[in-house]
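What follows is a single structure, written as structure tokens, with notes after it.
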Amino acid sequence: MLKYFIMTAEALLMGAIVTGVSMGYARSRYPKSWKLSLLIGMALGVIGAGVMAYLKNATRLIDTSLWNMRNFIAAAVLLVLFLILTALQRPLHKGKLGTAAEIVTCSLLGLESALIIFYALPDVLAYPYVILLTEKSVLSTTFMLKTIGIIFGILMSIVILCAIYQGMQRLTGTGRFLLLLLVLLIHTARQVTVVLRIMLTKHIIASNHTLFEIAKFSSNHDNWFTFAAIGAAAIIPVLLLVSSLHVDEPYRNPAEHRKIRKKWRLTRSWSVLVLVCMVCSVLNLTAIKTYANREIALSPVEDATITDGNVVVRFEQVEDGHLHRFAYVTDDNVQIRFIVIKKPNSSAYGIGLDACDICGETGYYEKNGQVVCNLCDVVMNVNTIGFKGGCNPIVIPYSIENGSIYVPIDGLLEYEKEFK
């Protein structure tokens, strides 16, 4: 649950910040034109993301990197057009084209938001499908818990978007525009580095030492752009809280005074919410993410006897109902691991590789009497270990004779490549 909450919140964070800033700016600058353009843009982004999620996961028609590159190039073009229209805003506003110019400017922001959503949302929409690759049913506890994590991540992103939107409306005109420009430039800088990496990978442009170093640095420090966007968004509450300390709006009667005080109370409340959201975002990307992705130490490999081409495990070693790990080391010094666990209320044993077809050789660990995949946190039904399907351990041949489990070495060697 926690992993999927972090993954969802991280995937949508940049989009929530950019969309919130864009909506807040458009709402204040173009009160008559903003709503339809922005909402249509967001709706197009969500619909497109749904179609893309399906095509990426149910077909082979989509080359994700090329689509991302086209998306980012289009977003950069829209930003340039937006800046040109904004620069020409005053002369356009004096003529008869003022209303049309406002609609086009808002539409550019709406399309920018659509492209951001179109990029960020498909992976989130595909998470339930990915979970179902390891879970047999949507009614399983694991599926529901992970889905709840996804929902919480989406809700947090919506709260961030709304808080930034409300905060942006309360800034002055110059402050709003400069903050919008800063956030859009941060987002565009990130997109430029991604496009560079895609072009180098696809050999669209020739590689050289300088481009390679830029691509490597940006790939290793991609979160820096997100932290920069968080820092830009954090400027909103700082400016508003400072302004609230120097309120000198004139009023003619106590009713107007109460109205002014109420306005600034709301402003401070939204400022605090934006600040809390940004702090939570930083924690999600650092401490909480580190905790959620912490590496679980697997139990050590236990001793087993090698006899007549078999790894032999005695019943006494595994009759306690806990997970036990054994291994065979090949001539190439590759350790092929397998697990054994006695099934509850049974004399049968669950036996399989310490790896699965989906997650590879990341292994399994025992937690509160349950067997858990070390990579995807799927909880195994102990009674199904030894059978194919889902995230279950890969089935290996074995036999039981004279109070011992015999695992043929030839059967293990078939999976040597899994552990290299």
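The values are calculated or read from the model by the stated rules, or taken from the named source; none is laboratory data. Keep in mind it's a predicted model, so treat the numbers as computed, not measured. Note that each Cβ is placed from the backbone with ideal geometry, even for glycine, and that neighbours are counted across all protein chains shown.
Please enumerate the residues belonging to segment 359-379 that are touching a helix residue (DSSP H, G or I) at 6+ places or on another chain (Cβ under 8 Å) and either on the phi > 0 side of the Ramachandran plot or surrounded by fewer than 17 Cβ atoms within 10 Å (Cβ to Cβ) (or both).
Of all residues in segment 359-379, those touching a helix residue (DSSP H, G or I) at 6+ places or on another chain (Cβ under 8 Å) come to 360-361, 370-371, 377-379.
Listed by number, the residues that qualify are Gly360, Gln370, Asp377.
Within segment 303-321, how many residues turn out to be out of contact with any strand residue (DSSP E or B) (no Cβ under 6 Å at 6 or more places or on another chain) and closer than 20 Å to Cys373 by Cβ?
0
If I go through segment 337-365 residue by residue, how many of them are acidic (Asp, Glu) and within 11 Å of Phe326 (Cβ to Cβ)? Quick ask: steps written out before the conclusion?
Quick first cut of segment 337-365, residues acidic (Asp, Glu) only: 354, 357, 361.
This time we only want the ones that are within 11 Å of Phe326 (Cβ to Cβ), so: 354.
The total comes to 1.
Only one of these conditions is not met by Glu256: (1) charged (D, E, K, R); (2) surrounded by 12 or more Cβ atoms within 10 Å (Cβ to Cβ); (3) in contact with a helix residue (DSSP H, G or I) (Cβ under 7 Å, 6 or more places away or on another chain). Which number is it?
Status for Glu256: all satisfied but (3).
Could you list all residues from segment 281-316 that are among the aromatic types (Phe, Trp, Tyr) and more than 30 Å from Tyr4 (Cβ to Cβ)?
We begin by selecting, within segment 281-316, every residue among the aromatic types (Phe, Trp, Tyr); these are 291, 315.
Within segment 281-316, just Phe315 meets the criteria.
Go through segment 357-381 and report how many residues are touching a residue at least 24 places away in the same chain (Cβ under 8 Å), out of contact with any strand residue (DSSP E or B) (no Cβ under 6 Å at 6 or more places or on another chain) and of a type in the set (Val, Ile, Thr).
The total comes to 2.
Would you please name the residue that is nearest to Trp270 (Cα to Cα), looking only at residues in segment 217-251 that are in a loop (DSSP other than H, G, I, E, B) and modelled with pLDDT of 80 or more?
Applying the first criterion (in a loop (DSSP other than H, G, I, E, B)) to segment 217-251 yields 221-222, 245-251.
Checking the rest, the ones that are also modelled with pLDDT of 80 or more come to 221-222.
On the way: His221: 31, Asp222: 29 Å.
Once the filter is applied, the top-ranked residue is Asp222.
Quick one: how many residues across segment 388-399 are farther than 30 Å from Ile131 by Cβ and either touching a residue at least 60 places away in the same chain (Cβ under 8 Å) or surrounded by fewer than 14 Cβ atoms within 10 Å (Cβ to Cβ) (or both)?
Kept after step one, since they are farther than 30 Å from Ile131 by Cβ, are these residues of segment 388-399: 397-399.
The next check asks that each one be either touching a residue at least 60 places away in the same chain (Cβ under 8 Å) or surrounded by fewer than 14 Cβ atoms within 10 Å (Cβ to Cβ) (or both); those that pass are 397, 399.
Number satisfying all stated conditions: 2.
Provide a single number: the residues in segment 263-290 that are in contact (Cβ under 8 Å) with a residue 12 or more places away in the chain and loosely packed, with under 12 Cβ neighbours inside 10 Å.
0
For residues that are of a type in the set (S, T, N, Q) and in a strand (DSSP E or B), tally how many sit in segment 368-402.
Residues in segment 368-402 being of a type in the set (S, T, N, Q) and in a strand (DSSP E or B): 2 in total.
With Val334, Val382, Val340, Val311 as the choices, which residue is over 26 Å from Ser140 (Cβ atoms) and crowded, with 19+ Cβ neighbours inside 10 Å? First the steps, then the outcome.
Details: Val334 fails: crowded, with 19+ Cβ neighbours inside 10 Å; Val382 fails: over 26 Å from Ser140 (Cβ atoms); Val340 fails: over 26 Å from Ser140 (Cβ atoms).
When all the criteria are applied, what remains is Val311.
Looking at (1) farther than 30 Å from Ala287 by Cβ; (2) polar (S, T, N, Q); (3) surrounded by 12 or more Cβ atoms within 10 Å (Cβ to Cβ), which one does Asn223 not meet, given that it meets all the others?
Asn223 satisfies all of (1) farther than 30 Å from Ala287 by Cβ; (2) polar (S, T, N, Q); (3) surrounded by 12 or more Cβ atoms within 10 Å (Cβ to Cβ) except (1).
Which count do you get for residues in segment 198-211 that are loosely packed, with under 13 Cβ neighbours inside 10 Å and in a helix (DSSP H, G or I)?
Residues of segment 198-211 loosely packed, with under 13 Cβ neighbours inside 10 Å: 201-210.
If we keep only those that are in a helix (DSSP H, G or I) as well, we get 201, 209-210.
So the count comes out to 3.
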